[in-house]
Amino acid sequence: VGSARLFVITHPSVDRLHGARLCEGLRPLAADTILVPSGERQKCLRRAGALYGELLERGADRSSIIVAFGGGVIGDLAGFVAATYMRGIGVVQVPTTLLAQVDSAVGGKVAVNHPRAKNVIGCFHQPRAVLADCQTLTTLAPREYRAGLAEVVKHGVIADAALFAWMEQDWRAVVGREAKAVARMVVRSCEIKAAVVARDERESGLRAVLNFGHTVGHALESLTSYRTLRHGEGVAIGMVAASRLASRLGGCELSESQRIEGLLDRLGLPTRISDTPAEEIIAATRFDKKASAGRPRFILPRAIGHVEVTSEVPTTVLREVLVGMGAGT
Ligand SMILES: NC(=O)c1ccc[n+]([C@@H]2O[C@H](COP(=O)([O-])OP(=O)(O)OC[C@H]3O[C@@H](n4cnc5c(N)ncnc54)[C@H](O)[C@@H]3O)[C@@H](O)[C@H]2O)c1
Ligand SMILES: [Zn+2]
């Protein structure tokens with residue numbers, strides 16, 4: 001870092017709550033702060049354009065470093081700006097939501113949304129460092145905290161049956177944000193995600209397993225204009241859909257799929273689809289960037305701790321599962 005200038009990109013609320021703590025941590029380096037309003041809808045090209053303007057105005061150059069201080073929205077947006085400003089400058093991720101600490105800050109995927117599809121404008125840009133301070137999570141709204149838990153459940157299902165079983169057993173400590181439980185989830189999640197990404201950084205294969213729950217999840221998020229569902233909530237519903245698909249198609253025991261649904265339920269995450277018509281969800285899954293030749297790709301559990309990737313999900317079965325979860329006919 002040396003003499004590089006630092007530009008912190010954050011939300012006003014996060015700056016108010018934790019800005020002083022960040023400043024202290026960065027000392028003796030000083031940083032400029034650029035504020036962005038909260039909300040998924042800020043993760044767009046327009047906002048990125050405004051940030052390039054701010055950086056130019058304040059004299060950011062190729063040796064400057066962006067500090068992405070916030071949740072996944074800030075991490076993705078500020079990371080995308082860092083990846084593209086002057087053909088790429090450094091970024092340090094300092095995640096302040098559970099979702100960002102257990103997932104989005106690690107792995108180097110950065111993006112903004114298009115009105116028609118999520119995360120479709122983006123690139124890979126590994127952070128110089130990721131600094132997660134679990135203390136910042138104490139001020140998180142309950143709904144945001146729960147949304148982050150969905151990605152931890154995801155890590156259990158794709159790679160770590162012991163993590164999943166511990167969450168089932170100690171769900172009260174998990175929901176109660178006990179410091180030890182939170183630290184365990186953050187550390188284990190970062191290990192799992194980093195291990196997958198290290199083997200397949202550009203998602204030519206294995207990395208796709210991290211998208212468990214995201215095919216239907218992203219479809220629901222974009223159909224509700226990123227306004228109604230938190231990302232983690234969409235993922236929770238998507239994991240239920242994928243688990244039910246897996247047991248319907250015979251790839252997974254019904255009891256395993258019920259455990260996944262049961263844990264999500266206990267953690268206070270949504271497991272049902274309300275209002276959205278099944279046909280619209282099916283159409284939206286074809287827009288997903290994971291789809292190829294109009295066939296959506298699904299990550300289906302075989303058992304807790306193991307998943308497989310497939311494009312062989314018959315639309316009729318998908319429709320039945322979605323309707324069974326409450327989607328409109
Ligand atoms: N790049 C990746 O690999 C990846 C992975 C998963 C998710 N994502 C993206 O992450 C985004 C979701 O991130 P998120 O769930 O963190 O949402 P978010 O960034 O919108 O943060 C949620 C809310 O919490 C507030 N907040 C942040 N830190 C706080 C704190 N410490 N105390 C109190 N309030 C705080 C924010 O102001 C915001 O209102 C989505 O856009 C999703 O696509 C990216
Ligand atoms: Zn996710």
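The values are calculated or read from the model by the stated rules, or taken from the named source; none is laboratory data. Treat the numbers as computed from the prediction; the structure is a model and nothing was measured. Glycine also receives a Cβ, built like all others from the backbone with ideal geometry; neighbour counts cover every protein chain displayed. Heads up: the accessible areas ignore ligands, DNA and RNA and are worked out on the full protein's heavy atoms, side chains in. Shrake-Rupley method; radii C 1.70, N 1.55, O 1.52, S 1.80 Å.
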Checklist entry - Given a Förster distance of 56 angstrom, what is the FRET efficiency for Ala173 paired with Arg87, based on the Cβ-Cβ distance and rounded to 0.05? => result 0.75
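Can you tell me, using C-alpha contacts under 8 Å and at least 6 residues apart, the relative contact order of the stretch 44-195 as a whole percent? Before the final figure, lay out the partial values.
Numbers: 230 pairs, mean separation 32.2, N = 152.
Result for the stretch 44-195 is 21 percent.
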Item to check | Accessible carbon and sulfur surface of the chain relative to its total accessible area, %, 1.4 Å | outcome: 51
Next on the checklist: Contact order normalised by length for the chain, with contacts defined as Cα pairs under 8 Å and 6 or more residues apart; what percent is it?
Outcome noted: 14
Checklist outcome for this item: Listed residues Ala284, Ala150, Ala179; largest mean-square fluctuation, Gaussian network over the chain with Cα springs below 10 Å, found at Ala179
Item to check | Cα-based Rg and Dmax for the stretch 67-106, where Dmax is the largest Cα-Cα distance (Å) | outcome: 9.6, 31
Item to check | Surface accessible to a 1.4 Å probe, per residue, for the residues of the stretch 226-303, Å² | outcome: 44
Next on the checklist: Taking 37 °C and 0.692 mPa s as the conditions, I'd like the Stokes-Einstein D for the chain in µm²/s, using the Kirkwood hydrodynamic radius from alpha carbon pairs.
Outcome noted: 164
Item to check | Reach of Lys289 by Cα under 30 Å, taken over lysines that are not fewer than 8 positions away in the same chain | outcome: Lys43, Lys109, Lys118, Lys154, Lys193
Next on the checklist: Springs between alpha-carbon pairs under 10 angstrom, Gaussian network model over the chain: which of Val112, Val157, Val174 fluctuates most?
Outcome noted: Val174
Checklist entry - Among Val197, Phe287, Thr271, which residue has its Cα positioned farthest towards the positive end of the charge dipole of the stretch 184-288, with +1 placed on the Cβ of Lys and Arg, -1 on the Cβ of Asp and Glu, and the dipole taken about the Cα centre? => result Val197
Checklist outcome for this item: Here the averaged projected area of the stretch 74-140, based on the convex hull of its alpha-carbon atoms and given in nm², is 4.7
Next on the checklist: Can you tell me which of Met86, Met185, Met239 moves the most in a GNM of the chain? Springs connect C-alpha atoms under 10 Å apart.
Outcome noted: Met86
Item to check | trypsin sites (Lys or Arg not before Pro) restricted to DSSP loop in the stretch 180-257 with at most 11 other C-beta within 10 Å | outcome: Arg202, Arg227
Next on the checklist: Quick check on the chain: of the DSSP beta bridges with both residues there, what percent are antiparallel, nearest 5%?
Outcome noted: 35
